[in-house]
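One structure is given here, and the rest of the page talks about it.
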Amino acid sequence: MSAEQSKITGLAAALAETLGDAPEVAVVLGSGWKQQAAGLLSEPQAVACSDLPGWPTPRVAGHSGELILGTVAGRRALLCGGRIHSYEGYPAADLVRGVRALAEWGTSSLLLLNAAGSLREDLPPGSLVALRDHINFGIPSPLRADQTADGSVEFVDLVDLYEPAWREALRATCPDVEEGVYAGLPGPNYETPSEIAMLSRLGADLVGMSTIPEAIAARAVGLPVMAMSMATNLGAGLEGSRPSHGEVLDTAAEYGGRAAEVLAAAVAAAPQR
Ligand code: HPA
């Protein structure tokens, strides 16, 4: 077994030992989503990421490193509060080890949440947007041979990566949720106004620095995935916007109530096992 595969298997075993049966839905929380989300769970059971061998711990304010298992909308759900990012200096294999271990543990579906800049004036801060697709502008792939679990290259198609049926089920109960295309950039700097203008012309609706590696890794192991952004700011230069991490966290807190409701609806709409 490769060194990476034994870390994944060790982590899956630690999850099973600490939390028991795998959840139906695992939710990776993005910037600012955690505070409101934790209140959704009944009978919550928390474990620190630092107590799970192999689960990398985050270095960014607003990404508390804790997993919380409980029931949301009658379904066994695990909220994962410790997302890490490429811009923190982690290799792609580290970014997705949690996803690979969740799949090995037996998790049935994966919901990825993030904060994003909006490229559309009709998606103002606070808008909730289900990803219809993404365009990757250079966030490293977890499927490169030196980043996979077993060292092999994986050629994986990404058509309908973000489960159409899951999105449709969510939007049936939450018609205020829009759909959009997420442009992923490696960060950590925000974009230039010219980059924002380019992304917009190329068909993106949102811009962010996360989510894509986890979604690709989930597809590679056959884990159904959906992703949702909260637009926390207009992209740089739009209506004079100068994004900041403080603005991102403040907006996420301000609109967190509705975000938590939509999160619960998304868990309820997840594919059945
Ligand atoms: N750009 C990139 N990532 C982001 C932004 C943004 O404007 N807002 C929140 N995450």
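Read-outs throughout are calculated quantities, based only on the coordinates presented, and are distinct from any laboratory measurement. All values reported here derive from a predicted model rather than from experimental measurement. Glycine also receives a Cβ, built like all others from the backbone with ideal geometry; neighbour counts cover every protein chain displayed.
Of the residues Pro142, Pro125, Ala115, the one whose Cα sits farthest towards the positive end of the charge dipole of segment 100-167 is Pro125 (charges of +1 on Lys and Arg Cβ, -1 on Asp and Glu Cβ, taken about the Cα centre). Spatially, segment 9-36 and segment 76-111 are offset by 8 Å when compared through their Cα centroids.
Please compute the contact order of the chain in relative form: average sequence separation of alpha-carbon pairs under 8 Å and at least six residues apart, divided by the residue count, as a percent.
It rounds to 26 percent for the chain.
What share of the DSSP beta bridges in the chain is antiparallel, in percent to the nearest 5? Before the final figure, lay out the partial values.
Details: 16 of 44 bridges.
So the antiparallel bridges amount to about 35 percent of the total.
Within the listed set Ala14, Ala92, Ala103, the Gaussian network model of the chain (springs between alpha-carbon atoms below 10 Å) gives the highest mean-square fluctuation for Ala14.
Evaluated at q = 0.13, 0.21 Å⁻¹, a Debye calculation over the C-alpha positions of segment 162-273 (equal weights, vacuum) places log10 I(q)/I(0) at -0.58, -1.29. Taking the Cα atoms of segment 3-268, the ratio Rg/Rh between the radius of gyration and the Kirkwood radius comes to 0.94. Take 178-185, 258-265 and order them by the average number of nearby Cβ atoms within 10 Å per residue, most first; the result is 178-185, 258-265.
Taking a span of 15 Å or more along the helix axis (Cα atoms) and a mean Kyte-Doolittle hydropathy of at least -0.5 as the rule, the DSSP H helices of the chain that qualify are 3-19, 92-105, 256-268. On the beta carbon distance between Ala16 and Glu88, with R0 = 30 Å, the FRET formula returns roughly 0.65. Working note: Cα atoms of segment 1-125, range along each principal axis, descending, whole Å: 50, 36, 23.
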